[in-house]
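Bear in mind that the values in this text are calculations on the coordinates, not laboratory data. The structure displayed is predicted, hence computed values, not measured ones. No Cβ is skipped: glycine too gets one built from the backbone with ideal geometry, and neighbour counts run over all protein chains shown.
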Amino acid sequence: MARNLLQHGFDLVVDDIDAAHVEALVAAGAHAAVPGPVAENLVVLSLPAPQHVEAVCLGKDGLLARMRAGVALVNASTVDLELARHLDAACAEAGILDVDGPVTGAADGAALGTLAFMCGASDAALAAVRPQLEAVGQEIAHVGPPPAGTAAKPLTTMLWFIHVAALSDSLSLATRCGVDIDRYAELVRGIDCAASSWVARHDLPNILADDDDPSLTLALCVKDLRLIGELGAEAGYASDFAAAAARARFDRALERFGPETGELAVTRIAETAAGTSIRSPRG
């Protein structure tokens, strides 16, 4: 995302707890952040979990205390509704434009600049940041006021993870029935097939190639599924069928393979249950 902003000519200041990330972006033309007031016109956060967003933003020495009124804050992280509401209230008190803008599209979408933003924001706040968002995203969806973006993100993630779990079941059953896995994969990925989906097109090649895709870890998947459960509980509607089954599958994968394993290791649970392999014999 930072590299795409640089490539579109934006003047960029970067910060990260991993100095190597900062150094790489400075070498690409960015500036390293320094302690003190934040003078930028827009601040974008992309952090792993709610506790990181809270630690960075709130408190006496937090980000909001160092930003001037009128600056926009885009939180592209996936957080819970309670924190998103708290952040929106703190932004309003400080005169900061709040754009609750989590993203979807995976790591390769970030690299290609094809992410989708789900933005909870006022019309004025979204208009102020649209040029920057369009530099890193292909779709900017205005889904309501804050925290509508935070609500929408886990719902799209729910569909993603359900598809991954269902796809692994379908592939495992196909191999048990003697179906050629590569030909079946071609069918499922076909654009005119009712079973086709973004997950089939994006994740199936990795599954066949025995690549668990470590760009998203099982720990982060389980965190997102927990947020989905909390969202349902708050809304008074728990999706106790597909979403619950997907969460149970990912929980088992986390316990078996460890938190830093790539997300697609979840497909190995279906393989083990079926006693078969859904990896392509032709690679």
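Inter-part distance, segment 134-171 to segment 258-281, computed on C-alpha centroids, equals 23 Å.
What you get for the chain, charging only the Cβ of Lys and Arg (+1) and of Asp and Glu (-1), is a dipole of about 360 debye around the Cα centre. Among the DSSP beta bridges whose two residues both lie in the chain, what percent are antiparallel, rounded to the nearest 5? The answer is about 20 percent antiparallel.
With N as its number of residues, segment 136-200 has a Cα radius of gyration that, divided by 2.2 N^0.38 Å, comes to 1.50. Short-range pairs are left out: with C-alpha atoms under 8 Å and at least six residues apart, the relative contact order of the chain is 15 percent. Taking every full run of DSSP H in the chain, the ones that stretch at least 27 Å from end to end by Cα along their long axis and average 0.0 or higher on the Kyte-Doolittle scale are 148-176. Hey, got the dipole for segment 37-144? About the Cα centre, +1 on K and R Cβ, -1 on D and E Cβ, debye to the nearest 20? With only Lys, Arg, Asp and Glu charged at Cβ, the dipole is about 260 debye. Cα centroid separation, segment 48-102 to segment 198-247: 25 Å.
In the chain, the DSSP-assigned H stretches of four residues or longer account for a calculated mean residue ellipticity at 222 nm of -16500 deg cm²/dmol, using -39500 (n - 2.57) per stretch and the full residue count as denominator. Contact order normalised by length for segment 109-226, with contacts defined as Cα pairs under 8 Å and 6 or more residues apart; what percent is it? RCO, segment 109-226: 20 percent.
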